[in-house]
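Written below as structure tokens is the structure these notes are about.
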Amino acid sequence: MPTNPCTKPISLLVYGGTEAGIFCAVQAARSGLHVILISETKYPYGYFPSLGAWETHYPGVRSPLSSEVKSKLADHYQAYFGINSIQYRDCVNLEDNNPMMTFEPHVAEKVLEELLAAEKNLTLIAPARITRVCEADGRLKSISLISGNKAETLSANLFADCSYTGDLAAMTKAEFTLGREAKSVTGEIHAGKIFTRWKKGSYPQESVEGRLNILPTWTTTSPLEGSTGEGDANIQDYSYRLCLSSDEHNRIVPPKPPGYNRELYAPLLLLPEEKATLQLPFHHRWISQDMEEMMENDHLFHGHALPSNKRSWNATNFTGEGKHYTASGTEERLAIEKRHRYHALGLLYFLQNDLDVPATVQRVARQWGLAKDEFVFNDYFPPALYVREARRFKGSYLYREQDCLKADGLDRAPIHRDGIAFTEFPLDSLACTTERMHGSNPDGQFFEKDKSLTGSLPWRCLLPLGVKNLVVPSTPSVTHCAWGTVRQSACLLHLAEVCAFAAEICSKQQIDFAGLSPLDLQVHLVQKGAMISFFNDFDMETSASWKEAALLFGTWGFFSNYDAKPHEPLDARLAKLWITALQSTPAQAPHEVARKVREMEQTTSLTSISGRTFTDLLGIEDPSLENVKAMTRKQGLDVLYSVFLSSRN
């Protein structure tokens, strides 16, 4: 991979040293585009390696590069340790029924580095700082940057901002939101300032009963009385995901960090009832449990257990400290990062050294330290802050909480005709401020697992208004309330691939992203192996001719729930609904089609349809169906998709 800009015209300029930036750049380069990837720092991998896990609640295959990277991660452990090793098992089987896979940070870095190195059409510039942008006629024309001692201006046909904070897009005329919308504005139950408590049990009921192919977990209550729903500039908290090791030969016990203040951590020693109203800038587990309870529940170092006796510590949150990060300049961002770093190291030091920490807890805490073989170049500390929320750019559609809840008249969430991906993590947010009601979670924290369903993400959300040749897969048009179901890496990486495939079409057609037909994009995506509609009964590994049809027609409302049922008989009434939807001009609204499908399916009787009758209704001839007495749903999908593709030629 070249390290200096190539002399050929730049097809796509990707900004952001993140996992999404790499996915977008690599996938676009593989299609033959000449791609520049710009990283703000020397470390182009973002916070993804420090997560230590492919965080998802969906077990299926959703997009090609995601599947490839997951396979490469697993292949590493199989090659180095063997398929029967504990390291391989820890990678691919986090726990029963959990679809997440885990990995050590250096393994993720290796896989991402190899992806970049393999692409001759891809140039990485790192580190680099954008100084200005040039726009004309609603298009981003060029960016000026400084890399090392060199200043240069790069022009490109297309741009993708894959940074966590949307810094490139923010320099254009694109408008963005930063903070929490008010409930009165969006109509979302969990919008604005809210307070919740945790509920016991597993949710949603659809997953518990096996009707939804999503991992069931815990949930929070509806907003408590006293929640105002007022909007403000607050966002969910940030943290560093430290990689810890319990191997005495592979751990570093860090010293007391600069500025350590015991009084900040001392309240963690109190009992939950004594902390019930305290405003503490920590992960909610430290607030709702006492020290010994944390130890018994294996929450002292809450996070994913990784191969090789490591753990990704996911409880160093510093509530409120990241509020001004996005709007700050480089120096202030570095200062905020340093405060988060010392906050995390201070918590570790407190647990291991404070005289008032219970001896049993301290013995456990002292078994862990920073992994000696991770982030060696950065004193064993993750180089990238976990920026959980930043700018969200305004598109022609605003994705809201309602897009992930059961739609009226359907057994699923709302359907979007321009759907290009799906959300599957629950609607959630970590704490936004330290304020609490008695015994509640901190302000803003919720985990709406009991009601969340997989949602259809529209292409419109990735197109910031006012800049025709720019996409924002990491900072899309989403409310704060809905951002939690989009922000997990599995979804953001999916969106990054979508943008790469969109760039491929735009380059061939010599158009901007805003001029791209969503239908052209959808057809291209399903042909390339990207899942644009969620289904329980198949994924992108399924080898079947009807798969592309189900995915595309899923965005048209052909299914009132998440089941394709390809092998079941095709009801004659359903066949007529599908044919009408295919032939309607203008296109019927997908919700209306799906509602009619549901009304039809609620009747108990089923009338089969022959192949001859089906083709007669379509007005085509198909000798292969002449003797079919009862069509199946997959046969109907195959025929309709063939007719659809023929109409496009």
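The values are calculated or read from the model by the stated rules, or taken from the named source; none is laboratory data. Source: prediction; values computed, not measured. Note: ideal-geometry Cβ built from the backbone for every residue, glycine included; neighbour counts use all protein chains shown. Ligands, DNA and RNA are excluded from the accessible area calculation, which covers all protein heavy atoms including side chains. Shrake-Rupley method; radii C 1.70, N 1.55, O 1.52, S 1.80 Å.
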Quick one: which of K173/K323; K199/K256; K200/K596; K547/K596; K275/K451; K70/K199 span more than 26 angstrom between C-alpha atoms? K199/K256; K200/K596; K275/K451; K70/K199
Straight-line reach check, K338, cutoff 18 Å on alpha carbons, 8 or more apart in-chain or any other chain, hits among aspartates and glutamates -> E40, D237, E321, D379
Loop-only check: which trypsin sites (Lys or Arg not before Pro) in the range 591-649 are DSSP coil with at most 16 other Cβ within 10 angstrom? K629
Would you mind computing, in nm to one decimal, how far apart the modelled labels at T330 and A359 are, each placed 7 Å from Cα along Cα→Cβ? 5.3
The range 79-125: translational diffusion in µm²/s, Stokes-Einstein, Kirkwood Rh over Cα pairs, 4 °C, 1.567 mPa s: 102
When the helices in the chain are scored as -39500 (n - 2.57) per DSSP H run of 4 or longer and the sum is shared across all residues, what 222 nm value do you end up with, to the nearest 500 deg cm²/dmol? -9500 deg cm²/dmol
Which GluC sites (Glu not before Pro) from the range 118-196 combine a DSSP loop assignment with at most 16 other Cβ atoms within 10 Å? E175
How much of the accessible area of the chain, probe 1.4 Å, is carbon plus sulfur, in whole percent? 49
Net charge near Y15 (other residues with Cβ under 9 Å of its Cβ; Lys, Arg +1; Asp, Glu -1) is -3
For K508, counting only lysines whose alpha-carbon sits under 19 Å away and dropping same-chain residues fewer than eight positions off, the answer is K8, K141, K468, K528
Which GluC sites (Glu not before Pro) in the range 592-649 pass both tests, a DSSP loop state and at most 12 other beta-carbon atoms within 10 Å? E621, E626
Add +1 for every Lys or Arg and -1 for every Asp or Glu among the other residues with Cβ under 14 Å from the Cβ of L577, and state the total. +2
Can you work out the Karplus-derived ³J(HN,Hα) for every residue in the range 633-649? Use 6.51 cos²θ - 1.76 cosθ + 1.60 with θ = phi - 60°, whole Hz, and x for glycine or proline. 4, 5, 5, x, 4, 4, 5, 4, 5, 5, 5, 4, 5, 5, 5, 8, 7
Report ³J(HN,Hα) in whole Hz for each residue of the range 30-46, in order, from the Karplus equation J = 6.51 cos²θ - 1.76 cosθ + 1.60 where θ = phi - 60°; Gly and Pro get x. 5, 7, x, 6, 8, 10, 10, 10, 10, 10, 5, 10, 5, 9, x, 9, x
What length, rounded to one decimal in nm, is gained on full extension from L617 through to E68, with 0.36 nm per residue of separation minus their alpha-carbon distance? 193.4 nm
What is the packing order of peptides 531-537, 372-378, 297-303, 500-506, taking the mean over residues of other C-beta atoms within 10 Å and listing the highest first? 500-506, 531-537, 297-303, 372-378
Partner lysines for K150 [C-alpha distance under 17 Å; skip if fewer than 8 residues away on the same chain]: K42
Each label point is 7 Å from the Cα along the Cα-to-Cβ direction; what then is the distance between the points at D137 and T434, in nm? 5.4
Karplus couplings for the range 159-169 from phi (6.51 cos²θ - 1.76 cosθ + 1.60, θ = phi - 60°), rounded to Hz, Gly and Pro as x? 9, 9, 8, 10, 6, 5, 9, x, 5, 5, 4
Rh (Kirkwood, all Cα-Cα pairs) for the chain, Å, reads 26.0
For the range 184-305, what is the per residue volume of the convex hull drawn over the alpha-carbon atoms, in cubic angstrom? 191
Binned Cα-Cα distance frequencies in the range 483-560 - 10 Å width, integer %: 17, 44, 35, 4
Where Lys and Arg each count +1 and Asp and Glu each count -1, what net charge lies around D512 among other residues with Cβ under 11 Å from its Cβ? +1
Send over a whole-number figure in Å² for the accessible area per residue of the chain, probe 1.4 Å. 38
Of all the C-alpha pairs in the range 322-362, what % are more than 15 Å from each other? 53
Check F318: other-chain or 5+ apart residues with amide H under 5 Å from its amide H, H built from backbone geometry? Y238
